[in-house]
Amino acid sequence: QVQLVASGGGLVQPGGSLKLSCAASGSIFTIYTMGWYRQAPGKQRELVAAITSALATNYADSVKGRFTISRDNAKNTVYLQMNSLKPEDTAVYYCNMRLIRHWGGVPDDYWGQGTQVTVSS
């Protein structure tokens, strides 16, 4: 069994910063892509940022230059540093990891429980 636990959300004023973390635990052989998605009320879930095992990154246009994704493979953890936050960044943020649980396994997606980020004065 694999579990992803996200943390670091909260209430912050516009222009402020937050850092999200998501740690995976359980039976894991290799983690390929790690990523963060978000879902605002009444909207579809969207990709915010992703990082591959080769450390290639991909960002939504709306967060480029403000957010930075990173990973610590030794800790099976992905981070999202969010700077210059805007009210439109308000959403529930979900971490995602694509991984295999044993040699030769089929990659599968796992999700964290979501952490609320609210940007408001």
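Coordinate-derived values only; no laboratory data. What you are looking at is a predicted structure, and each value in this text was computed from that prediction instead of being measured. Neighbour counts are summed over all protein chains in view; Cβ atoms, including those assigned to glycine, are modelled from backbone coordinates with ideal geometry.
Numbers for the structure displayed
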item: Cα gyration tensor category, rounded, prolate or oblate, for segment 52-117 with a/c compared to 1.5; result: prolate
item: Segment 70-109-segment 1-60 distance, computed between alpha-carbon centres (Å); result: 3
item: FRET E, pair residue 120, residue 56, Förster distance 30 Å, beta-carbon r, rounded to 0.05; result: 0.35
item: Hydrodynamic radius by Kirkwood, which averages 1/r over all alpha carbon pairs of the chain, in angstrom; result: 14.5
item: The chain, relative contact order [Cα under 8 Å, separation at least 6], %; result: 36
item: Length released on extending from residue 27 to residue 108, taking residue separation times 0.36 nm less the Cα-Cα span; result: 27.9 nm
item: Karplus (6.51, -1.76, 1.60) ³J(HN,Hα), θ = phi - 60°, over segment 42-47, in Hz, Gly and Pro reported as x; result: x, 10, 7, 5, 10, 6
